[in-house]
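The values are calculated or read from the model by the stated rules, or taken from the named source; none is laboratory data. Computed from a predicted structure; not experimentally measured. Heads up, the Cβs are rebuilt from the backbone with ideal geometry, glycines too, and the neighbour counts pull from every protein chain shown. Ligands, DNA and RNA are stripped out before the accessible areas are found, and what is left, the full protein with its side chains, is counted by its heavy atoms. Shrake-Rupley method; radii C 1.70, N 1.55, O 1.52, S 1.80 Å.
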Amino acid sequence: MVPTAAVPAGTVPTGTDSAGTGPTDTASAGTDSVEKEPATGGTFSSLKIRNYRLFATGAVVSNIGTWMSRVTQDWLVLSLTGSSAAVGITTALQFLPMLLFGLYGGVIADRYPKRLLLLFTQAALGLCGLSLAVLTLSGQVQVWHVYLLAFLLGMVTVVDNPTRQSFVSEMVGPDRLRNAVSLNSANFQSARLIGPAVAGVLITTVGSGWAFMLNGLSFLAPLVGLLLMRPHELHRSVRVPRAKGQLREGLRYVRGRPDLIWPIVLIGFIGTFGFNFPIWLTAFAHEVYEGGAGLYAFFNILMAAGSLAGALLAARRRSSRIRLLILAAMAFGLLEIAVSFSPSVWLFSLLLLPIGMIGMTTNISANTSVQMAADPEMRGRVLSLYMMVFVGGTPIGGPLLGWVTDTYGARVGFATGGVVSLLAAAGIGLVLTRVAGVRLRLDLRGGRPHMEFVPKKEREQLATAA
């Protein structure tokens, strides 16, 4: 499957009930609100549900193929052109449809049966992979072929992403939604541990075409899983009848909900500028450390290991706070700046682990925040907006940071993404503290630094007591 904004972290918004389906009192919630879920049986509780188990099994197979294809595609473009900017253009074209048409995908996801939609989108994604395989194996592949198929893949993803993400709640229900979202991310990152390694072996032994072929065939797994599901065990979803103005209705809905709009704005900055790893990792592997496809695959495996750890930690959490999203995003930016100055390949590799973990924490916090805050009948449109700003910003950030990387070097390119992510997180954190009437407090007592948001009234009481 294509990544949930690969999505592809655990913040819970104010303004929703415990199921994420209705309003609550937001006046006293503030920025540091907590949303709790009932105990659901641990880290892997969603796998007790048969339909979700079929979904997850199919997903891990296709996700391995997706990561094989992603690594192979980046390396193929770099081999054909010798340009990091070309890698950025390929990534940009894949996500340009999400920027242009992403909101329409959410409208479609809200109107039609999600299981039926996924059968069509997963089949189409498999055909895209097989087409690229045929071109590569025949020796006819050119860079414009890769560009075109990347764009077509993005067109399918416009519908697939919001449909697949909102379908999770139909399989597991509101009580296990946070756990299932985290397990989806863990599933994707587990495949990321395997896919790049297999891709590296295939590229160096039998060629790129077979990696693309296996990716296309891997989509048979989710198709079989969807067909074997028991429809009567799905949670009833709210079907939105066809009507005019549904797109504008979704935008107005998000605009009036601070608990939705600020996580979306933050993830938009990070997705546009901070998640351009195909550009940076290929540049570091090829130019800075003078390695090959194997080194690039190794970098991806380390990122995946850190991301998997972050996803499993998120799956264990039963509640989370807005401060987690802000602080994780700031730490993510700082780590990107730090890794850009690594003097050796081993230090660079070591720092990729925490970058993957903190990046996944940020991702899952924003994703679950948005899913649990949105009303069921609006969830497809809200998630399409989330995906539009998260991955739809890549057509802007990808070529821009690819140009920076080509012009000023891989280190400057990586550091630029980190600086923008850090400034965005700090700025939005400042906005939230002002809107909610809270401040950030640093407690150094007990030898363990601890940061938290506290209401201004509490600050005044502490000052009076002192």
Rounded, prolate or oblate: which fits the stretch 251-322, taking a ≥ b ≥ c as square roots of the Cα gyration tensor eigenvalues, rounded meaning a/c under 1.5, else prolate when a/b beats b/c? oblate
Relative to the compact globular guide of 2.2 N^0.38 Å, what is the alpha carbon radius of gyration of the stretch 369-419, as a ratio? 1.62
If you split all Cα-Cα distances of the stretch 199-305 into 10 Å bins from zero, what percentages do you get per bin, shortest first? 10, 19, 23, 28, 17, 3
Rolling a 1.4 angstrom probe over the protein chains, ignoring ligands and nucleic acids, what is the accessible area of residue 287 in square angstrom, nearest 10? 90 Å²
Report P(r) for the stretch 338-378: all Cα-Cα distances, bin width 5 Å, range 0 to the bin holding the largest distance, values in whole percent. 5, 20, 18, 13, 11, 9, 8, 7, 5, 3, 0
Using only the heavy atoms of the protein chains and a 1.4 Å probe, how would 362, 205 rank by accessible area, largest first? 205, 362
Where does each of 388, 378 land when they are ordered by accessible area, with a 1.4 Å probe and the largest first? 388, 378
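Using a probe of 1.4 angstrom, how much of the accessible area of the stretch 161-260 is carbon and sulfur, in percent? Display every interim value, and only then the final one.
Numbers: 2760 of 4490 Å².
Exposed carbon and sulfur together represent 61 percent of the surface.
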Provide the three semi-axes, in whole Å and in decreasing order, of the ellipsoid equivalent to the stretch 151-263 as defined by the square roots of 5 times the Cα gyration tensor eigenvalues. 33, 19, 16
Unit Cα scatterers, Debye sum, the stretch 308-437: log10 I(q)/I(0) for q = 0.15, 0.17, 0.20 Å⁻¹: -0.84, -1.05, -1.31
Given the stretch 272-367, what whole percent of its Cα pairs are spread farther than 20 Å? 36 percent
Quick one: check the C-alpha center-to-center distance for the stretch 290-349 versus the stretch 264-281, whole angstrom. 13 Å
Evaluate the charge dipole of the stretch 290-378 about its Cα centre and quote only its size in Debye, nearest 20, assuming +1 on the Cβ of each Lys and Arg and -1 on the Cβ of each Asp and Glu. 420 debye
If you find the alpha carbon centre of the stretch 39-98 and of the stretch 159-229, how far apart are they in angstrom? 6 Å
Quick calc: nm separation of the 7 Å Cα→Cβ label points for residue 206 and residue 227 -> 2.4 nm
Residue among 263, 208, 183 farthest towards the positive dipole end of the stretch 145-280, charges placed on Cβ: 263
